[in-house]
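The values are calculated or read from the model by the stated rules, or taken from the named source; none is laboratory data. Because the structure is a prediction, the values reported are computed rather than measured. Because the Cβ atoms are built from the backbone with ideal geometry, glycine has one as well, and the counts that use them run over all protein chains shown. To get the accessible areas, we keep the full protein, side chains included, count just its heavy atoms, and leave off ligands, DNA and RNA. Shrake-Rupley method; radii C 1.70, N 1.55, O 1.52, S 1.80 Å.
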Amino acid sequence: MKQINLIIFGIGNVGSTLIKQILEQKDNITDLQKLDIRIPLIANSTHVFFSDALTGSWSLDFEKFSEPYKFQDIIDFLQSNDFQHTIAIDATASTNFVKHYAQLIEAGCHIVSANKVANTLDIEFYKKLRKKLKEHNRLFLYETNVGAGLPIVETVQNLHRSGEKIKKIRGVFSGSLSYIFNKFSESEAPFSDIVGQATEKGYTEPDARDDLSGKDVARKLLILARELGLTLNLQDVDVESLVPSNLNGKTTLNEFKARISELDEPFKQKKQSQTNDVLRYVGELDVKTKQLKVELVSTSKASPLGQLQGADNIFEVYSETYTERPLILQGAGAGKETTARGLFTDILKISKQIAHA
Ligand SMILES: NC(=O)C1=CN([C@@H]2O[C@H](COP(=O)(O)OP(=O)(O)OC[C@H]3O[C@@H](n4cnc5c(N)ncnc54)[C@H](O)[C@@H]3O)[C@@H](O)[C@H]2O)C=CC1
Ligand SMILES: N[C@@H](CC=O)C(=O)O
């Protein structure tokens, strides 16, 4: 029996669902996989809760017993406990938090992340992180960075590592925008109401402008491009933003929320003027030309992109083997359950690897 300690940062939609899934599966995993999974620490942006044994009432315990913390408290906790196997889970959307990855690795943690920031900061940060992981013999998995629980990152990595030349990846990379345009195309509701629904369902980023501006899709394209060895940066992605500049930039999130209905009329007009059946927000990565672009397109309802339902993503991978007809991955591309399950899968992959090392 190997003991695996998870320290979880971010207990919002995804983090709290992950805790629920782990607690539900804990006994099965102990019996079948001989892994004793424990969660000795959970934290949000301000408070941490140290626990001997997290139970189903963890959120009440967190409210009552959590305490304000500095990041050094986490490192001190790891050093004083000297756990044999620790995995740090990043279920935040924080840029500040990823700057602590190096310290976590030095303190012995492997990392599993849903947060796309570490993989999309400048290429120097990206390379340094991988060097640090190598020096300390630690693992970093981030399948949920693209397509939530869909295994697109691993598929692209496997094809690339086995020498398959990937030429193009195209598709709908955003679960929230998939949901938004599916609903918007089929209903009379104003655009802003549908964005609100996507946020309520947990599909959007904490700041929905990260989705609407195309930044989230740009990040996903960049993550796949870097897997293929392209040393590009976020600025290299050509993005058609859906947020007018007067609501982006210096506008606070609360101001944006108060004024989001300003998007209703322009989107109504876009819908009325489209030449085809449905709107789709499409990402494309052309490996040869190193061009990454994100744009709103009007497409036939009968096409694979047009047939998407709910918050589904679709990824079409064109390569030397998959030339005429691409390899296709399709399914829910956002949502707390599917994303948490993706994190859980990454945790088990690392656990098995370290348990058998
Ligand atoms: N919701 C979805 O469908 C998917 C989400 N993701 C990613 O999962 C991550 C989390 O998303 P949600 O759970 O929806 O967000 P959320 O807003 O519901 O939760 C974020 C959590 O992170 C915490 N946090 C923020 N800064 C922190 C810091 N510096 N240290 C510790 N905790 C911090 C917040 O207090 C909150 O508990 C994001 O990076 C998102 O891109 C990835 C795939 C799908
Ligand atoms: N906000 C993202 C969530 C997953 O990464 C999306 O809409 O796809």
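So the values come out like this:
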item: Shape of region 243-357, Cα gyration tensor, a/c cut at 1.5; result: oblate
item: Of all accessible heavy-atom area on the chain, the percent that carbon and sulfur account for (1.4 Å); result: 47
item: Region 21-105: relative contact order as a whole-number percent, Cα under 8 Å and 6+ apart; result: 18
item: Residue-normalised accessible area of region 75-199, given per residue in Å² at a 1.4 Å probe; result: 41
item: Unsatisfied cross-links (Cα-Cα over 23 Å) in the set Lys116/Lys336; Lys134/Lys336; Lys20/Lys349; result: Lys134/Lys336
item: Cα-based shape type of region 32-82, given that a ≥ b ≥ c are square roots of the gyration tensor eigenvalues and the cut on a/c is 1.5; result: oblate
item: ³J(HN,Hα), Karplus 6.51/-1.76/1.60, whole Hz, each residue of region 286-296, x for Gly, Pro; result: 9, 5, 5, 8, 6, 9, 10, 9, 10, 8, 8
item: Table column - 3J(HN,Hα) (Hz), region 188-193, Karplus curve with 6.51, -1.76, 1.60, x for Gly and Pro; result: 9, 5, x, 3, 5, 5
item: Highest average packing first - 41-52, 101-112, 226-237, Cβ atoms within 10 Å; result: 101-112, 41-52, 226-237
item: Where region 247-287 is the region considered: accessible area per residue in Å², 1.4 Å probe; result: 57
item: Estimated vicinal HN-Hα couplings, Hz - region 318-327 in sequence order (Karplus 6.51, -1.76, 1.60; Gly, Pro = x); result: 9, 8, 5, 8, 9, 8, 6, 10, x, 6
item: Simple spin-label estimate for Ser187 and Asn96 in nanometres, 7 Å along Cα-Cβ; result: 3.6
item: Region 62-196: C-alpha gyration tensor shape, a/c 1.5 cut-off, then a/b vs b/c; result: oblate
item: Partner lysines for Lys268 [C-alpha distance under 20 Å; skip if fewer than 8 residues away on the same chain]; result: Lys183, Lys257, Lys301
item: Highest-fluctuation residue, Leu247, Leu18, Leu150 considered, GNM on the chain with Cα pairs under 10 Å; result: Leu247
item: Restraint check, Lys99/Lys215; Lys2/Lys201; Lys201/Lys270; Lys127/Lys270, Cα-Cα greater than 30 Å; result: Lys2/Lys201; Lys127/Lys270
item: Rg [Å, one decimal], Dmax [Å, integer] - region 40-112, C-alpha atoms; result: 12.2, 32
